[in-house]
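Report on the following structure.
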Amino acid sequence: MDYLNFDKSTLVNLEKSLTKEMLRTNRSGAYNSTTIVDCNTRKYHGQLVVPLPELGGDNYVLLSSLDETIIQHGAEFNLGVHQYKGKHISPNGHKYIREFSCNVISKTTYRVGGVIISKERLMIKNTPRIITKYTLLDAHSATTIRFKPFLAFRSVHTLSKKNADVNTSYDEVSNGIRCRLYEPFPFLYMQFSKKVEYVHNPFWYEGLEYEKEQERGYDYLEDLMVPGWFEMPIKKGESVYFTAGLDEISPRSLKSMWDKELAQRNPRTDMFNCLKNAARQFAKKQDEGTFLLAGYPWFKTRARDEFISLPGATLSIGDTAMFKDIAYSAVKEISKFIDTGDVSHLIEDIDTPDALLWFIWAIQQYAIENKADAVLCYKDIVIKILDFILKQDHPFARFMDNGLLYVNGTIKPMTWMNAMEDGRPITPRTGYVVETNALWYNAVCFAYSISRSKRFERLAEQIKSSFVNVFWNGIYLYDFVDGNYCDVEVRPNMVYAVSLPYSPLDRFQQKSVIDICTKELLTTKGLRSLSPKSGGYRPNYVGGMKERDRNYHNGPVWPFITGAYCEGYLKIYKNSGVSFVERQMIGMEAEMKKLCIGTLSELYDGNPPYKGHGAMSYAPTVAEILRTLVLLRNN
């Protein structure tokens with residue numbers, strides 16, 4: 001049986017199957033996503049969702065869904081599944097599904113009486129195109145298949161509503177049509193590998209309900225335009241290919257394109273291979289360079305997320321070339337920021353104080369196996385970043401006389417805990433921030449190791465002494481210190497002072513930090529963002545936007561920190577800690593079949609059953625769990 005396989009008992013139970021999503025991307029920003037029974041539960045779901053820079057850079061849902069109907073002897077069996085207002089399900093195509101697997105690509109098998117038909121789909125790499133393959137595996141009489149496209153033509157952040165401005169006209173193309181509901185959208189081409197009859201009959205389907213948006217407190221009802229339907233006969237053993245894209249394609253090329261793309265896919269046979277596959281989905285190649293998206297379905301490229309994710313999403317899966325492509329693009333944007341002060345539109349939040357330090361850490365990870373090349377390619381940018389900070393040119397990081405960095409997080413968030421309310425940070429970490437200064441010490445030490453400059457050696461000694469004096473309280477590390485105020489909340493940020501290659505702490509202090517994190521923060525999904533002993537502990541990421549933002553960093557588990565925690569744990573406990581870290585990975589492996597299958601979510605509730613939330617696939621989580629798995633292999 002496939003590693004990612006779901007049988008009829010799960011699929012027909014919508015309480016279970018509607019919580020399980022799938023995601024496939026083209027590694028250039030376009031994606032296909034829905035639930036495993038093809039019922040959209042988010043406004044972000046769609047059969048073809050593409051970035052359109054000419055319309056402002058958002059992703060846009062063009063083809064929301066595609067209903068299939070099997071026709072025999074005049075009887076129609078609709079395989080589609082939609083949820084309408086009031087949780088009304090129609091049609092009930094899920095009752096015909098016998099199996100869903102996603103070992104290499106997603107494959108759904110339906111049985112309708114004596115008809116057995118499979119549906120497989122894949123995105124074409126670096127091209128905004130999806131191909132779906134239908135194969136009639138068994139049938140005892142003449143069979144016709146009908147396809148009904150549901151069109152949206154709107155941003156992933158909005159919803160389509162019935163209107164009089166919609167353009168329902170179409171043009172015939174080879175084995176299909178092209179249409180464009182609104183200008184200035186591009187045309188959507190829908191084509192088949194064989195001749196097909198198209199019946200034009202525009203109709204609004206009103207009141208489709210997206211349960212995930214309702215849970216999040218957003219508008220959750222949508223109206224979608226169905227321009228008509230396609231219909232064709234299909235024979236036993238025959239395969240028919242459907243494609244949706246932004247340009248016309250030769251129908252004869254669909255099979256060869258499918259075969260070529262399929263040959264490049266890697267089986268998802270275990271947790272590592274699932275996450276390896278997921279990591280590659282975050283890549284976004286575009287004219288300006290290669291970047292990592294922070295996650296799907298709504299995140300763009302953000303500096304901190306990209307640099308935290310970079311080693312795990314590339315080096316941990318053996319893709320050094322991708323690391324160098326992304327690092328090359330990042331160096332250009334970092335240099336532009338340092339030289340001109342312009343904040344990159346390609347990498348958001350590149351001006352946050354810790355972002356550049358995370359980039360240095362990513363280079364440091366590359367240098368572990370490739371030191372000579374790291375020195376050759378990245379020594380200059382590492383020193384340039386440090387000089388930028390030391391010369392007091394960074395707009396948000398102040399180099400202080402004691403060697404530490406001071407940030408003002410009272411107005412604009414300066415760390416990864418960046419939730420806002422009424423224009424102000426909910427967790428206003430300001431002053432000397434623990435992980436920022438741990439990263440700062442590590443960066444200076446790394447700069448000395450590749451340059452042998454005495455000024456970095458002296459600075460590192462000063463930072464080390466000041467770090468302990470400022471943050472160490474005899475048991476663990478303050479989360480941040482501002483003047484006479486020392487934040488005593490037990491948060492996971494302190495683990496970076498242990499896990500980073502260069503730690504300012506002695507072994508006793510390192511062990512004490514790991515131990516308190518284990519005692520107060522650890523769950524099967526990683527470390528909570530705040531200790532349950534705190535009066536501000538809010539473990540569940542639920543409710544409307546305001547409530548969720550208040551909870552965001554005050555209790556829920558952020559499993560990307562698991563990488564640092566496990567690395568620190570292995571540093572302290574060495575071989576005796578291996579079995580402990582392996583058990584942590586078992587807790588993460590359980591997620592492979594829970595929410596977005598084969599990948600990991602952004603965050604999880606801080607209390608059992610540790611339900612996942614946020615982005616369905618989050619780059620830092622995937623990357624750091626991958627890096628942890630590699631640490632275990634090498635330990």
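The values are calculated or read from the model by the stated rules, or taken from the named source; none is laboratory data. Here the structure is a predicted model, which means the values were calculated and not measured. No Cβ is skipped: glycine too gets one built from the backbone with ideal geometry, and neighbour counts run over all protein chains shown. Note: accessible area is taken over every heavy atom of the protein model, side chains too, but ligands, DNA and RNA are not part of it. Shrake-Rupley method; radii C 1.70, N 1.55, O 1.52, S 1.80 Å.
Brief remarks follow.
- The chain: angle of helix 320-340 to the longest principal axis, Cα-based, in degrees nearest 10: 60
- Signed unit charges on C-beta, dipole axis of the chain, positive-most listed residue Ala139, Ala397, Tyr210: Ala139
- Rounded to the nearest 20 debye, dipole of segment 143-220 from Cβ charges on Lys, Arg, Asp, Glu: 300
- Alpha carbon centroid spacing (whole Å) that separates segment 487-563 from segment 435-469: 25
- Rotationally averaged projected area of segment 440-582 (alpha carbon convex hull; nm²): 10.4
- Residue-normalised accessible area of segment 299-361, given per residue in Å² at a 1.4 Å probe: 30
- Computed [θ] at 222 nm, helices only, for the chain once each DSSP H run of length n ≥ 4 contributes -39500 (n - 2.57): -10000 deg cm²/dmol
- Per-residue packing, averaged as other Cβ atoms within 10 Å, sorts the ranges 484-496, 387-399, 41-53 into the order 41-53, 484-496, 387-399, beginning with the highest.
- Relative to the current alpha-carbon distance between Asp401 and His140, full extension at 0.36 nm per residue lengthens the span by 85.6 nm.
- Cα-based helix-to-principal-axis angle, 434-451 vs the chain, degrees rounded to 10: 80
- Space enclosed by the convex hull of the alpha-carbon atoms of the chain, per residue, Å³: 153
- Mean separation of Cα pairs under 8 Å and 6 or more residues apart, divided by the residue count, gives segment 430-589 a relative contact order of 20 percent.
- Per-residue Karplus couplings for segment 491-496, computed as 6.51 cos²θ - 1.76 cosθ + 1.60 with θ equal to phi - 60°, are listed in order as 10, x, 4, 5, 5, 5 Hz, Gly and Pro entered as x.
- Percent accessible area from carbon and sulfur atoms, segment 54-162, protein chains only, probe 1.4 Å: 48
- Reciprocal of mean inverse Cα separation for segment 398-458 (Kirkwood radius, Å): 12.9
- Normalised by the number of residues in the chain, the mean separation of alpha-carbon contacts (under 8 Å, six or more apart) gives a relative contact order of 11 percent.
- Two-decimal Rg to Rh for segment 458-516 - Kirkwood Rh, Cα set: 0.94
- The Stokes-Einstein estimate for segment 230-329, based on a Kirkwood radius over Cα pairs and taken at 4 °C with 1.567 mPa s viscosity, is a diffusion coefficient of 79 µm²/s.
- Prolate/oblate/rounded call for segment 49-172, Cα gyration tensor, a/c under 1.5 rounded: prolate
- Segment 520-575, accessible surface, carbon-and-sulfur percent (1.4 angstrom probe): 51
- Seen through its C-alpha gyration tensor, with square-root eigenvalues sorted a ≥ b ≥ c, segment 187-287 comes out oblate because a/c lies at 1.5 or above while a/b is not bigger than b/c.
- Per-bin percent of Cα-Cα distances, segment 6-76 [5 Å]: 3, 15, 20, 18, 16, 12, 8, 4, 2, 1
- Shape category assigned to segment 374-514 from the gyration tensor of Cα positions, a/c cut at 1.5: oblate
- Per-residue extension of 0.36 nm, minus the Cα-Cα distance of Glu582 and His157, leaves a gain of 149.1 nm for this segment.
- Built from the Cα atoms of segment 48-122, the convex hull projects on average onto 7.6 nm², one quarter of its surface area.
- At q = 0.20 Å⁻¹ the log10 of I(q)/I(0) for segment 130-229 amounts to -1.09, computed by Debye summation with a single uniform scatterer per C-alpha, solvent ignored.
- For segment 534-550, 3J(HN,Hα) per residue [Karplus equation, 6.51 cos²θ - 1.76 cosθ + 1.60, θ = phi - 60°, Hz, x = Gly/Pro]: 6, x, x, 5, 10, x, 9, 8, 9, x, x, 4, 5, 5, 5, 5, 5
- Cα-based radius of gyration of segment 142-186 once divided by 2.2 N^0.38 Å, which approximates compact folds: 1.45
- Sorted on the mean count of surrounding Cβ atoms within 10 Å across their residues, most packed first, peptides 133-143, 330-340 read 330-340, 133-143.
- Contour excess over end-to-end distance, with Cα ends at Ser256 and Ile368 and 0.36 nm allotted per residue: 36.2 nm
- Within-9-Å neighbourhood charge of Asp7 [Cβ basis; K, R +1; D, E -1]: +1
- For segment 481-540, taking the reciprocal of the average inverse distance between every pair of different Cα atoms yields a Kirkwood hydrodynamic radius of 12.6 Å.
- Summed over all non-identical Cα pairs, the Kirkwood treatment of segment 434-487 gives a radius of 11.9 Å.
- Taken over the C-alpha atoms, segment 560-635 has Rg and Dmax values of 12.5, 35 angstrom.
- 5 angstrom amide H check on Arg121, placed H, neighbours 5+ away: Ser106, Lys133
- Average accessible surface area per residue within segment 480-635, 1.4 Å rolling probe, Å²: 35
- In terms of distances greater than 23 angstrom between alpha carbons, the cross-link table entries Lys85/Lys162; Lys212/Lys594; Lys284/Lys336; Lys16/Lys43; Lys95/Lys195 yield Lys95/Lys195.
- Against the chain, whose longest principal axis comes from its Cα atoms, helix 355-390 is set at around 70 degrees.
- Over segment 286-427, the ratio between the Cα radius of gyration and 2.2 N^0.38 Å evaluates to 1.06.
- Diffusion constant of segment 504-604 at 4 °C, which comes from Stokes-Einstein with the Kirkwood Cα-pair radius and 1.567 mPa s, µm²/s: 88
- Apportionment of accessible area to carbon and sulfur, segment 199-323, percent (1.4 Å): 49
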